[in-house]
Each structure stands twice: as structure tokens, then as C-alpha cells.
1. So how do 47-54, 22-29 stack up, highest first, on mean other-Cβ count within 10 Å?
2. Just to be sure I understand the rule: take each whole DSSP H helix in the chain, project its Cα atoms onto its long axis, keep it if the span is 24 Å or more and its mean Kyte-Doolittle hydropathy is at least 0.0. Which ones pass?
3. Would you please give the residues with an amide H less than 5 Å from that of Gln68, counting only those at least 5 places away or on a separate chain, with H modeled from the backbone geometry?
4. Hey, what did the chain get for relative contact order, percent, Cα under 8 Å, at least 6 apart?
5. At 37 °C and 0.692 mPa s, grab the translational diffusion coefficient of region 45-169 from Stokes-Einstein with a Kirkwood Rh over Cα pairs, rounded to a whole number in µm² per second.
6. So I have (1) 35, 21, 17; (2) 47, 21, 9; (3) 25, 23, 16, and one of them is semi-axes √(5λ) of the Cα gyration tensor in Å calculated from this model. Which one is it?
7. With a 10 Å radius around each residue's Cβ, average the other Cβ atoms per peptide and rank 194-206, 164-176, highest first.
8. Would you calculate, for the chain, the mean residue ellipticity at 222 nm contributed by helices, counting each DSSP H stretch of 4 or more residues as -39,500 (n - 2.57) and dividing by all residues, to the nearest 500?
Amino acid sequence: MEKNIKVVFANQKGGVGKSTLCILFADYLAWKGRSVCVIDTDLQKSVLMQRRKDAVAHSGQDEPYGVQDFDVAEPNAMRQLVDSASEVEGFVLFDTPGNVSQDGLLPLFAGADFIVCPFDYEDKTLDSTGIFVSVLAAIRQHVGDMQARLLFVPNRIDPRVGTKEEQRMWNEAAAVLSKHGAVLPPIPARANLRRADTFEITPRQRGYVRDCFEIMLWEMTK
């Protein structure tokens, strides 16, 4: 029997590839034979809509993992969802809205085992990520027994971009974030990673995400 592990993908800033990263990680887990399901609480329902699209393209093929959607507006309902998710064998991944002020997210963050925060090194994203870290710190103080560990994923990173001074600032930003959680290896900016499919992950996609996801998996199962 696999250990239950609840993983929330979240950031205050939209457009950092949160939903795509959630899909890719679910695909990677399924490819490795792990039990996994995804619960889409994002108002845009990006993961659910992608699954419906992929189901047409993969007609007749068994789904590698389940995708459900849920409304985050009601805290009590979300608390019940987290309790139910705690009974599920294996990984339960939650995709969340870009706006972390949603009341229903508090019990989700409080009940998570890990919070995966994708980010890039643009000033606006770093500022929003800093706000997100502060929000989580406030929740941690309010809840008291919040156990979630933060995993920061530099996402859609192009190492060819940036002056020496900018890269120095990026390294400093990563050092600051590492005081609040683990900063994982970057995932590169690649067009085929944006074409994530909820039924399969290609060998090339696996090559791009392997360094990050293997450490992420190790952090979650050690």
C-alpha cells in the first residue's frame, strides 16, 4: 500500500505554469507506476479541460489517473475534501487558483504535505512569490500544526537569457527562497512541455523534467 501524499501546486502569481507542471508531474508519477489522482480547484479548470480534450484524442485508451474538479469557495467543503483525500492511497495532486486569497484554500494549505511553488525570475513573479511565502507563514501561525513543506520550482527557465548581474540576482533570490523551503533544479523553457498531455509523457518531456521531478519525488518519499 502506498503512503498518502497530498501535494498542492500554488503561487500568488498566475502564468507561471502551475497547471502544466501539475499535469507533467502527474504524468511522470503514472509513468513510474505510482498511484496518483488530480483534483482541479482552479477556477479556470485547466487540468480538467485538458483531460476532456485528451480523452477525445486518446479515445478507447484507459485514463492513467483520475481528474476531478472542486469549488474552493466553501472552506468547510474543502476541509471535508482534504479529509477524504487523506484516505486515498498514493499521491493526490491539487491544482489551485492564482489568487490565494480564496477562503477555501486555507484548509487545503493547512492539510497539505507539500506545497509546490513554480516561479520564474521576473521581478513581478519574485515579488508575488514573496507575498505567497508571507501568506503561508501567516497561515502557519494561524493554524499552528501546518506540516506542509515548501518546494520551489524554477519553471520555464532559459539559461541563455540574463546578464551576469541578472544571474547573480537570480542566485540571490534562490538563496532567499531556500530559507523557506527547498529550491529544486530548474525546468527549462521548452515548447513541447507546454503541450502537456494528461494521458502520457513523452521521452523528450521526461528528459526535461527528470532532474527536478526525481528530487521532488525523493523529497516527498524519503
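1. Taking the mean over residues of other Cβ atoms within 10 Å, the ranking is 22-29, 47-54.
2. 123-143
3. Val38, Ile39, Asp40
4. Once divided by the residue count of the chain, the mean separation gives 29 percent.
5. 193 µm²/s
6. Computed from these coordinates, semi-axes √(5λ) of the Cα gyration tensor in Å corresponds to label (3).
7. 194-206, 164-176
8. -14500 deg cm²/dmol
The values are calculated or read from the model by the stated rules, or taken from the named source; none is laboratory data. Since we're looking at a predicted model, the values are computed, not measured. For neighbour counting, all protein chains shown are included, and Cβ atoms are generated from backbone atoms with ideal geometry for every residue, glycine included. Heads up: the accessible areas ignore ligands, DNA and RNA and are worked out on the full protein's heavy atoms, side chains in. Shrake-Rupley method; radii C 1.70, N 1.55, O 1.52, S 1.80 Å.
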